[in-house]
Amino acid sequence: MLAFIAKSMARPARLVKPVSLVKLPGRYLAHQEGLPQLPVPPLQQTLNKYLLALKPLISQEEWDHTHKIVEDFRTSGVGERLQKGLERRAKKTENWLSDWWLQTAYLEYRLPVVVHSSPGVVLPKQDFTDRQGQLRFAAKLIEGVLDFKSMVDNETLPVEYLGGKQLCMNQYYQILSSCRVPGPKRDSVVNYSQVKNPPTHITVVHNFQFFQLDVYNSDGTPLTTDQIFNQLEKIWGTSLQTNKEPIGILTTNHRNSWAKAYNNLIKDKTNKESVRTIQKSIFTVCLDAPMPRVSNELSRSRVAAQMLHGGGSGLNSGNRWFDKTLQFIVAEDGSCGLVYEHAPAEGPPIVALLDHVVEYTKKPDLVRSPMIPLPMPKKLRFNITPEVKNDIEKAKQNLNIMVHDLDVKVFVFDKFGKNFPKSEKLSPDAFIQVALQLAYYRMYGGSCATYESASLRMFRLGRTDTIRSATVQSLEFVQGMEDSGKQNQEKVDLLRKAILAHRNYTDMAINGKAIDRHLLGLKLQAIEDLVSIPEIFMDTAYAIAMHFNLSTSQVPAKTDCVMCFGPVVPDGYGVCYNPMEDHINFAVSAYNSCAETNAARLAHYLEKALCDIQQLVHNTPKSKL
Ligand code: COA
Ligand code: HC5
């Protein structure tokens with residue numbers, strides 16, 4: 001059976017007739033079928049909320065102009081016609097949005113996946129400092145992932161909950177044995193976990209050289225840590241040369257350039273086989289060279305950047321295959337983490353896997369396996385023709401520009417964590433988002449379109465919608481906070497209103513009632529119906545609303561890790577945070593090429609905003625209400 005292609009990912013993977021379905025009671029399917037379908041919100045409701053969302057972003061005059069355009073969309077019949085189209089689509093599909101979202105947000109997006117799409121995670125620094133320690137940790141990590149995989153294969157993963165409701169678990173079936181494949185207009189994702197003979201190997205990369213490492217014994221049991229360690233040592237020993245062509249650099253390029261280079265690369269039979277082996281592998285482990293030493297203060301931000309892009313062609317960027325869904329990175333100096341290709345899944349399933357693996361690495365090795373000699377892992381060969389060499393050189397140049405352009409600041413906010421807002425009966429996430437609005441306002445004197453990811457996994461095959469954190473109430477609060485004429489009591493009231501407005505928006509979003517995906521759906525429906533694009537989508541206000549200067553996401557993890565991603569606009573910031581009980585891990589990103597942005601500056605203002613808001617709450621007696 002051929003691997004199934006991403007187009008069919010809109011169907012639950014388990015419908016692709018896996019052999020395991022015969023053996024298993026179909027727990028997964030039964031769960032999935034019990035989930036509600038993503039609704040299409042009422043048109044009137046979305047248009048009203050859209051107009052409200054524009055208020056903090058544009059002038060009254062611009063708003064009046066857009067109001068007319070929106071009214072025209074509502075009353076001319078165009079909106080209703082598109083809405084009917086969406087409702088028909090919702091009846092015909094499992095999820096009216098998921099395939100469209102996969103295509104537009106990921107597979108048709110042409111910028112490099114590096115920095116622009118693939119997020120990174122930094123694990124707490126491990127306490128090894130040499131090769132033995134590195135390989136032992138990598139071996140344990142690999143065993144931990146295989147342990148997680150057995151829960152996926154046996155359908156024994158515990159179902160997750162959000163707001164008391166069960167979540168769709170489909171993404172867990174998409175992250176192992178899968179890979180993005182470049183295409184000239186759009187990419188695809190291949191997933192080999194459902195095929196007749198699913199892969200039993202992982203890919204290991206060291207000094208830019210790729211190896212196929214079989215991780216199961218012939219009886220189907222996974223290799224033990226000792227066995228994997230021995231195999232990793234063999235790989236290390238046969239890849240000591242550092243003068244190899246960094247073939248993996250090709251995957252960092254603009255997707256159109258990479259698609260051309262890919263076709264050229266796989267013309268050669270050996271190359272094609274090597275690429276297939278990487279694509280099919282369960283996941284990738286990158287054994288990285290140590291990074292140049294920097295101060296402790298700088299180090300965390302450097303490691304985060306290293307997870308996102310590998311540090312450039314002279315460092316570890318060639319030690320990756322960025323199209324691979326899951327790549328674990330283990331460096332000789334104890335820095336570890338991962339980078340993942342975003343098309344198949346959101347952060348939370350990836351982080352759940354990571355939490356499991358981190359716990360696993362802490363367990364002592366119980367079984368000492370008898371050392372039956374295993375065959376040498378297969379080296380994946382590449383024939384580098386002059387054309388391929390030329391493509392590698394071009395990719396190196398572009399990558400190095402991206403590496404220089406990325407500005408990352410990681411910081412641990414240690415004055416408080418989730419505990420403080422909770423003790424004040426405030427939503428911690430909303431508290432952080434409102435603080436971010438204050439930080440931005442203090443830097444720029446206004447609000448900007450702000451994106452926060454909200455999970456739609458309450459619905460079958462749900463991905464995300466947008467929480468628009470810049471609200472009328474958040475703007476009133478930040479203006480009030482900066483107004484020396486206002487009393488603290490008034491400021492706290494504005495703060496509580498802003499936090500409540502954010503929490504309400506969140507509830508609306510996770511229940512499928514937000515506006516961004518609905519508006520996208522209406523626009524795509526217009527394109528599909530071949531009608532001209534309605535004016536509402538051509539309006540400047542729409543462009544402003546979609547230009548997310550602040551692109552943010554909360555990804556909670558049990559592990560004390562830092563997560564990061566790049567900005568989504570040239571003059572914007574990416575802000576990812578992991579709120580723990582008594583501290584919050586933040587990563588802020590920006591582009592050096594933009595004179596107006598600076599990651600460390602926003603980080604500084606954010607720290608100050610969080611402290612000032614805490615002070616404000618502390619200094620103001622609670623009202624009796
Ligand atoms: N008083 C006291 N406690 C409160 C409170 C209040 N007013 N409001 C919330 N809390 C508590 C909650 O009960 C929760 O408790 P827990 O820690 O015991 O679970 C905790 O504070 C956190 O709640 P809150 O900060 O409001 O946010 P959340 O955890 O509901 O998260 C989102 C909000 C938007 C992040 C979440 O809904 C979501 O969608 N997550 C997925 C995002 C995602 O997919 N990101 C990655 C994209 S790739
Ligand atoms: C390991 C952390 C991953 C976070 C990734 C994330 O938040 O991706 C967002 C996905 C979405 O659909 O909202 C996109 N974003 C990075 C642009 C916020």
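The values are calculated or read from the model by the stated rules, or taken from the named source; none is laboratory data. What you see is a predicted model, and the numbers here were worked out from it, not measured in a lab. Note: ideal-geometry Cβ built from the backbone for every residue, glycine included; neighbour counts use all protein chains shown.
Values for this structure:
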quantity	calculated
Of all residues making up the range 530-567, the number that are within 16 Å of ligand 1 (Cβ to nearest atom), farther than 12 Å from Thr450 by Cα and among the hydroxyl-bearing types (Ser, Thr, Tyr)	1
One residue from Ile613, Ile544 being at pLDDT 95 or above, buried (at least 24 other Cβ atoms within 10 Å of the Cβ), among the β-branched types (Val, Ile, Thr) and farther than 30 Å from Val357 by Cα	Ile613
Breaking point among (1) touching a residue at least 12 places away in the same chain (Cβ under 8 Å); (2) within 16 Å of ligand 1 (Cβ to nearest atom), for Asn504	(1)
Scope the range 49-90; condition under 30 Å from the mean Cα position of the chain (by Cα) and either closer than 23 Å to Gln437 by Cα or among the aliphatic types (A, V, I, L, M) (or both); matching residues	Lys49, Tyr50, Leu51, Leu52, Ala53, Leu54, Lys55, Pro56, Leu57, Ile58, Leu86, Ala90
Pair list, Cβ under 9 Å, 6 or more apart: the range 231-242 residue farther than 12 Å from Val205 by Cα, other residue among the acidic types (Asp, Glu) and surrounded by 15 or more Cβ atoms within 10 Å (Cβ to Cβ)	Gln231/Asp214
Filtered residue count, the range 424-438, keeping only those that are more than 6 Å from ligand 1 (Cβ to nearest atom) and not in a helix (DSSP H, G or I)	1
Test: Cys594 is part of a loop (DSSP other than H, G, I, E, B), of a type outside the set (Ser, Thr, Tyr) and within 16 Å of Val115 (Cβ to Cβ)	yes
Residues of the range 439-464 that turn out to be within 22 Å of Asp516 (Cβ to Cβ) and part of a loop (DSSP other than H, G, I, E, B), as a count	12
Within the range 310-368, tally of residues that are in a strand (DSSP E or B) and within 11 Å of ligand 2 (Cβ to nearest atom)	4
Subset of the range 123-154 [surrounded by 14 or more Cβ atoms within 10 Å (Cβ to Cβ) and acidic (Asp, Glu)]	Glu143, Asp147, Asp153
Among the candidates Leu51, Leu135, Leu123, Leu102, residue that is over 28 Å from Asp355 (Cα atoms) and either at pLDDT below 95 or among the aliphatic types (A, V, I, L, M) (or both)	Leu51
Matching residues in the range 564-582 - criterion: being of a type in the set (Ser, Thr, Tyr) and either in a loop (DSSP other than H, G, I, E, B) or surrounded by fewer than 18 Cβ atoms within 10 Å (Cβ to Cβ) (or both)	none
Unmet criterion (only one of (1) over 22 Å from the mean Cα position of the chain (by Cα); (2) not in a helix (DSSP H, G or I)) for Phe548	(1)
Test: residue in the range 602-612 that is among the aliphatic types (A, V, I, L, M), in a loop (DSSP other than H, G, I, E, B) and either touching a Gly at 6+ places or on another chain (Cβ under 6 Å) or within 16 Å of ligand 1 (Cβ to nearest atom) (or both)	no
